[in-house]
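The values are calculated or read from the model by the stated rules, or taken from the named source; none is laboratory data. The model shown is predicted, which means the values in this text are computed figures rather than measured ones. FYI the Cβ positions are ideal-geometry reconstructions off the backbone, even for glycines, and counts take in every protein chain you see. The protein model used for the area step is the full one, side chains on, heavy atoms only, and it has no ligands, DNA or RNA in it. Shrake-Rupley method; radii C 1.70, N 1.55, O 1.52, S 1.80 Å.
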Amino acid sequence: MTQSWNPATYEANGAFVPALGAGVLEWLAPQPGERILDLGCGDGQLTAKIAAAGANVVGVDASSAMIEGAKSRGIDARVCNAEALPFDHEFDAVFSNAALHWVRNQDAMLAGVKRALKPGGRFVAEMGGHGNVAAILVALTAVLERHGFGSLEDGVNYYPAPQVYSERLAAHGFAVEEMQLIPRPTPLPAGMAAWLTTFRSGVLEAVPEHLRATVIDETVAILEPALRDEQGNWTGDYVRLRSIAHA
């Protein structure tokens, strides 16, 4: 399942993602003159903040549309598959926010990150952790199953537990300094239908067109009692996994 991204839609419906990246950016603590790789840079909002700290930053993302958005901010941004990073021991740090859970081959990605870093370089990342958007995915999968498309959610994202990911990092030669699983109930100002349209576009595009609105409506109806308050405000049941490790 290939997720598609539209910079305008992402900015309208998913602006909370880079806005909530301040915590992991603090862990990165970019320094003037450092060379930093932003892995899964999206439209470059956080990449620009890293550059503003005086670092020499390169942004990579699999989405050519998002890369164009990042370039419009003046960022050195390149289309690149996270599973095939071409860099060789040239970065002081690799940074990633809200991107790694979209990577299918985690081992290929981690091997590439390790290879991209200078000896002792740091890998600072935040991704979806165990339990992330669990209610949303249970509801959506149930609706898809009802219509005969239950397998579409299989393997879309990877949301590991801390111990599991610590062991995975260690297997690639990283020394884990700190890792936290952070429950983060997240307001969704654009609502649940907009969240599904933005963050499950790949799944929805695989549903026959005449069924898509029905799938969205039925998923929203299931989630209303749990994630929508009496004033109509939606909250996503986000859980993040934040880590810092050294090559």
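Miscellaneous remarks
- Residue 238 being outside any strand (DSSP E or B) and on the phi < 0 side of the Ramachandran plot: no
- Near pairs, Cβ below 9 angstrom, 6+ apart or cross-chain, from region 144-158 (farther than 11 Å from residue 215 by Cα) to any residue that is of a type in the set (Gly, Ala, Ser) and open to solvent by less than 60 Å² (accessible area, probe 1.4 Å): 150/142; 152/202; 152/206; 156/202; 157/128; 158/128
- Residues (assigned to a strand (DSSP E or B) and touching a residue at least 60 places away in the same chain (Cβ under 8 Å)) located in region 163-191: 175, 176, 177, 178, 179, 180, 181, 182, 184, 186, 187
- Close pairs (8 angstrom Cβ cut-off, 6 or more residues apart or separate chains): free of Cβ contacts under 8 Å to residues at least 60 places away in the same chain in region 111-122, open to solvent by 40 Å² or more (accessible area, probe 1.4 Å) and charged (D, E, K, R) anywhere: 112/83; 115/88
- Selection count, region 174-213, where residues are surrounded by fewer than 14 Cβ atoms within 10 Å (Cβ to Cβ) and more than 17 Å from residue 132 (Cβ to Cβ): 8
- Taking the numbered list (1) open to solvent by 30 Å² or more (accessible area, probe 1.4 Å); (2) of a type outside the set (Asp, Glu); (3) closer than 25 Å to residue 240 by Cα in turn, residue 73 passes all entries but (3).
- Every listed requirement among (1) over 13 Å from residue 243 (Cβ atoms); (2) modelled with pLDDT of 95 or more; (3) surrounded by 13 or more Cβ atoms within 10 Å (Cβ to Cβ) is met by residue 148 save one, (3).
- Residue among 50, 36 that alone is assigned to a helix (DSSP H, G or I), touching a helix residue (DSSP H, G or I) at 6+ places or on another chain (Cβ under 8 Å), at pLDDT 95 or above and of a type in the set (A, V, I, L, M, F, W, C): 50
Conditions tested, residue by residue: (1) open to solvent by 10 Å² or more (accessible area, probe 1.4 Å); (2) closer than 21 Å to residue 109 by Cβ; (3) of a type in the set (Asp, Glu); (4) touching a residue at least 24 places away in the same chain (Cβ under 8 Å).
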residue: 30; (1), (2), (3), (4): yes, no, no, yes
residue: 37; (1), (2), (3), (4): no, yes, no, yes
residue: 40; (1), (2), (3), (4): yes, yes, no, yes
residue: 45; (1), (2), (3), (4): yes, no, no, yes
residue: 50; (1), (2), (3), (4): no, yes, no, yes
residue: 53; (1), (2), (3), (4): yes, no, no, no
residue: 64; (1), (2), (3), (4): yes, yes, no, no
residue: 68; (1), (2), (3), (4): yes, no, yes, yes
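- So residue 88, is it in a helix (DSSP H, G or I) and either modelled with pLDDT under 95 or open to solvent by 40 Å² or more (accessible area, probe 1.4 Å) (or both): no
- Selection status of residue 135, open to solvent by 10 Å² or more (accessible area, probe 1.4 Å) and either more than 15 Å from the chain's Cα centre (by Cα) or touching a residue at least 12 places away in the same chain (Cβ under 8 Å) (or both): yes
- Hey, residue 160 surrounded by 19 or more Cβ atoms within 10 Å (Cβ to Cβ) and part of a loop (DSSP other than H, G, I, E, B) or not: yes
- Scanning region 229-247 for residues being farther than 30 Å from residue 96 by Cα and not small (Gly, Ala, Ser) gives a total of 3.
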